[in-house]
1. Quick check: is even one residue across region 164-174 in contact with a helix residue (DSSP H, G or I) (Cβ under 8 Å, 6 or more places away or on another chain) and crowded, with 21+ Cβ neighbours inside 10 Å?
2. Exactly one of these conditions fails for Ala160: (1) small (Gly, Ala, Ser); (2) in contact with a strand residue (DSSP E or B) (Cβ under 6 Å, 6 or more places away or on another chain); (3) more than 12 Å from the ligand (Cβ to nearest atom). Give me its number.
3. Among the listed residues Ile69, Ile15, identify the single one that is in contact with a strand residue (DSSP E or B) (Cβ under 6 Å, 6 or more places away or on another chain), under 21 Å from Val159 (Cβ atoms) and not acidic (Asp, Glu).
4. Given the criteria without any contact (Cβ under 8 Å) to a residue 60 or more places away in the chain and over 22 Å from Ala121 (Cβ atoms), does Ala49 qualify?
5. So the check is Cβ under 9 Å with 6+ separation or different chains; which pairs have a first residue in region 174-193 that's without any contact (Cβ under 8 Å) to a residue 40 or more places away in the chain and at negative phi and a second one that's of a type in the set (Lys, Arg) and surrounded by 11 or more Cβ atoms within 10 Å (Cβ to Cβ)?
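What follows draws every value from the coordinates through simple rules; no lab data is involved. Just so it is clear, the model here is predicted, and its values are computed rather than measured. All Cβ positions, even for glycine, are placed from backbone atoms using ideal geometry, and neighbour counts span all protein chains on display.
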Amino acid sequence: MAVVTGGTRGIGAAIADALREDGWKVITIGRSGGDVQADVSDPESVTAAIEKIHAEHGKVFVLVNNAGITRDGLALRMSDSDWGDVVDTNLSGAFMFTRGVMGDMLRNRWGRIVNVSSVVATRTQAGQSNYIASKAGLLGLTGALAKEIGKRGVTVNAVAPGFIETDMTAELDAGQLVEFIPAGRVGRPEEVAAAVRFLCSHDAGYINGATLSVDGGMGA
Ligand code: NAP
């Protein structure tokens with residue numbers, strides 16, 4: 001079975017659809033809904049969700065850590081909660097979910113973990129220190145885990161989307177941002193999902209610790 005955190009909307013919903021097309025039973029996790037409701041930033045909520053998944057749906061062989069939020073602002077005026085909420089959701093949530101289900105994959109001698117990072121993890125910009133730190137942290141987590149469990153048939157990779165049309169980017173000025181995108185357009189959730197689907201496939205078995213950019217060339 002496959003679990004997609006933040007699988008209720010946007011990129012996560014497209015990833016859930018793509019994995020279903022590949023024959024996976026998919027469990028979506030959302031803070032306000034999904035097949036199993038959970039707040040990935042809250043350790044107790046994550047523990048309860050994993051217990052529920054194991055009890056009601058079985059073992060997890062594919063995990064996509066996609067749940068994420070932004071709370072943009074300049075560091076000088078950033079509140080502790082704007083820092084903490086973003087890091088707890090985007091980075092700690094991914095760690096806690098991974099820790100909770102990786103035993104299933106290790107015992108199975110096959111598994112796939114994909115972390116949804118961002119182009120800004122490496123191509124940084126002002127006004128998003130919390131978000132960028134969390135997304136860069138996800139790349140570090142990806143590499144470290146790939147080395148810890150690579151021998152057991154489990155791969156851990158990341159995707160780094162650019163500007164994708166979802167609720168998260170609804171208030172941004174696409175016209176202005178397109179100037180920085182070599183492809184000359186914003187991306188679609190399905191285009192990120194296609195990359196995740198590949199990394200979760202049997203064909204991607206020798207790709208481990210990698211980051212696949214899906215950004216129309218923005219980070220090039
Ligand atoms: P979105 O449309 O805002 O959807 C976010 C998803 O995450 C929702 O399903 C939401 O569930 C879930 N979520 C948020 N906080 C959660 C929490 N504490 N616990 C459980 N679920 C939570 O965002 P998106 O654009 O699809 O982004 C998906 C991922 O891609 C994020 O990690 C984002 O950082 C990354 N990304 C997006 C872009 C972009 O341009 N859109 C670019 C690069 C990277 P609820 O609806 O229940 O809150």
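1. Step one: filter region 164-174 for residues in contact with a helix residue (DSSP H, G or I) (Cβ under 8 Å, 6 or more places away or on another chain), giving 164-168.
Next, from what is left, pick out any that are crowded, with 21+ Cβ neighbours inside 10 Å: 164.
Scanning region 164-174 turns up at least one residue that is in contact with a helix residue (DSSP H, G or I) (Cβ under 8 Å, 6 or more places away or on another chain) and crowded, with 21+ Cβ neighbours inside 10 Å.
2. Evaluating Ala160 over (1) small (Gly, Ala, Ser); (2) in contact with a strand residue (DSSP E or B) (Cβ under 6 Å, 6 or more places away or on another chain); (3) more than 12 Å from the ligand (Cβ to nearest atom) leaves (3) as the failure.
3. Numbers: Ile69 fails: in contact with a strand residue (DSSP E or B) (Cβ under 6 Å, 6 or more places away or on another chain).
None of the other options fit; the residue is Ile15.
4. Yes.
5. Qualifying pairs under 9 Å: Ala174/Arg185; Val178/Arg185.
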